[in-house]
Amino acid sequence: MREVKFGLFSITGDYTQALRTAKRADIQGFYSILLNDHFFSPFRPAREPQLECFTTLSAIAAVTTRIRVGSLVAAVAFRSPPLLAKIASTLDHVSNGRMVLGLGAGWEREEYDAHSYPYPSNAERLAQLADAIKLLKAMWTQDEPTYHGTYFSIEKAYNNPRPLQKPHPPIMLGGSGSKLLKIAAAEADVANLIPPIFNGKDLINDPAAAVRFDKAELKRRIGMLHGLAKEAGRNPDNIEISGLSLVTISKDKGRADSAVRELAKKMGFPDDEAARRAPSILGGTPDEVKREIRSRIEEIGMTYFVVLPDSEESHELLAKEVMPEFLH
């Protein structure tokens with residue numbers, strides 16, 4: 001079995017706080033710190049501050065020593081793929097080989113329109129994602145990078161220095177729609193399986209999708225991924241299974257139950273127990289959360305847990321009382 005990892009998802013609007021959070025996570029044993037990639041945050045009012053993803057990751061890399069730095073996830077439309085390949089290569093050097101490139105097809109239409117980016121159909125955005133990944137890998141691995149795809153092309157697009165990680169930095173793809181799974185099966189090192197986005201909203205902004213995305217559905221999607229990987233000539237075991245979970249933890253059983261109950265009601269789960277078992281939530285006392293993580297490892301094969309704590313208390317209890325159980 002793979003080693004168990006915990007990635008801290010951080011929504012960054014304040015530079016000083018971003019560095020503070022990253023340095024603490026570096027000490028606490030988190031495997032990675034992952035930043036969202038948006039011009040304005042989809043999780044807060046649009047006028048709230050939002051730092052650019054890769055600039056902030058470079059600053060974080062400069063003040064940390066162990067933790068991996070990455071995007072969750074970068075929209076390929078926001079930067080031309082050759083530029084993204086160069087940015088990622090440089091970040092891999094700045095971080096001394098600690099970069100993880102999380103990619104997605106993009107989903108927030110309002111953001112595209114505000115910045116005059118074309119917003120084609122889901123199918124076309126996904127096809128562009130697949131095309132971009134092939135171009136990235138060419139620039140990361142070839143002496144004279146050349147690639148001619150449907151949407152993107154390069155000819156002797158020299159990219160030196162190439163990334164430190166060989167054969168290339170890990171690619172994490174976020175989502176779980178059938179077309180995204182096909183791309184992940186062929187190209188990804190990590191599949192961050194979150195509810196499919198059908199209406200231009202992610203799991204935080206579309207609670208109903210999180211409710212539908214229960215363990216049975218997650219298992220079905222993993223089965224699809226594994227089948228598609230075999231069709232692509234890959235060993236399914238070479239694709240690490242990851243997920244994103246909102247985290248609420250308290251040592252006080254009453255407070256923990258109340259927090260889960262409130263979250264269940266807010267998101268529309270039929271009962272508290274359904275919320276506790278949902279892949280998009282990790283909630284309860286430290287012991288309850290440890291049991292749930294263990295069940296996801298054993299029943300689903302998930303080993304990379306990306307977490308978004310709802311409070312300072314939840315963050316500290318996760319780091320001090322939950323994570324040590326799984327880190328060696």
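Summary of values
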{"read-out": "Sequence ranges 215-224, 148-157, ranked by mean other-Cβ count within 10 angstrom, highest first", "value": "215-224, 148-157"}
{"read-out": "Residue-averaged [θ]222 nm for the chain, counting only DSSP H segments that reach four residues, each worth -39500 (n - 2.57)", "value": "-13000 deg cm²/dmol"}
{"read-out": "Relative contact order %, the chain, counting alpha carbon pairs below 8 Å whose residues are six or more apart", "value": "15 percent"}
{"read-out": "Hits among lysines - C-alpha to C-alpha of LYS134 under 22 Å, sequence gap 8 or more where chains match", "value": "LYS86, LYS156, LYS166, LYS179, LYS182, LYS230"}
{"read-out": "Förster radius 30 Å - calculated FRET efficiency between SER116 and ASP237, Cβ distance, rounded to 0.05", "value": "0.10"}
{"read-out": "Charge sum, other residues only, whose C-beta stays under 13 Å from MET224's C-beta, Lys/Arg counted +1 and Asp/Glu -1", "value": "+4"}
{"read-out": "Taking segment 222-328 and dividing mean pair separation by its residue count, relative contact order in percent (alpha carbons under 8 Å, at least six apart)", "value": "34 percent"}
{"read-out": "Alpha carbon centroid spacing (whole Å) that separates segment 265-328 from segment 231-259", "value": "6 Å"}
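Bear in mind that the values in this text are calculations on the coordinates, not laboratory data. Predicted, not measured: the structure shown is a model, and the values here were computed from it. With ideal geometry, Cβ positions are generated from the backbone for all residues, glycine too; neighbour counts draw on all protein chains shown.
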